[in-house]
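Each value in this text was obtained by applying a stated rule to the coordinates, not by laboratory testing. Treat the numbers as computed from the prediction; the structure is a model and nothing was measured. Cβ placement follows ideal geometry from the backbone for every residue including glycine, while neighbour counts extend to all protein chains displayed.
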Amino acid sequence: MAVWSQDSQVYEAEIEEIDRENGTAAITFIEYGNAEVIPLQNLKAVEEGKRSEEDGAKSKSRKEQIAEQREYKKKKAQKKVQRMKELEQEREEQKSKWQQFNNKAYSKNKKGQVKRSIFASPESVNGKVGVGTCGIADKPMTQYNDTSKYNVRHLMPQ
């Protein structure tokens, strides 16, 4: 184990060379691949229990670790694609449910009639768009009776 000069934390390292005259050692940190020359007092012995645990986990070569990462990323991407397909399928089901509901609601009330928008263009030149039934199937505009002759004030409570 060796102390890294950047953060003063202890990491597992491999000793490349020891210079006894200067009291330093050239080391390479195993997990990160950083090389450094450090004083011998910054080297620590690896605890046996910790070493045996790490040997099981760290015994894989760099190529094996990269292959594992690729497999993990591939599985993760497949899961993401599958989830997106499920979401899209759910959206389509909701859309079709709404369309079925809308068609059912219209067909109950108006069997045999074609659904027309009130904003559809009228067939005749004189038709108006968007005013009730005006202009649809050449129906005349709605006639309103003149109510000015009725005096309703006497009917209202005072």
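For this structure, a couple of remarks:
- The listed peptides 6-19, 69-82, ordered by packing as a protection proxy, come out as 6-19, 69-82 (highest mean of other Cβ atoms within 10 Å first).
- Simple label model, 7 Å out from Cα along Cβ direction - LYS74 to ARG62, nm: 2.2
- A Förster distance of 25 Å, applied to the separation of the beta-carbon atoms of ILE30 and SER8, puts the FRET efficiency at 0.85.
- Distant-in-sequence amide H partners of ALA13 (H built 1.01 Å from N, under 5 Å): ALA2, ILE30
- Bridge orientation summary for the range 1-46: considering DSSP beta bridges with both residues in this region, about 100 percent are antiparallel.
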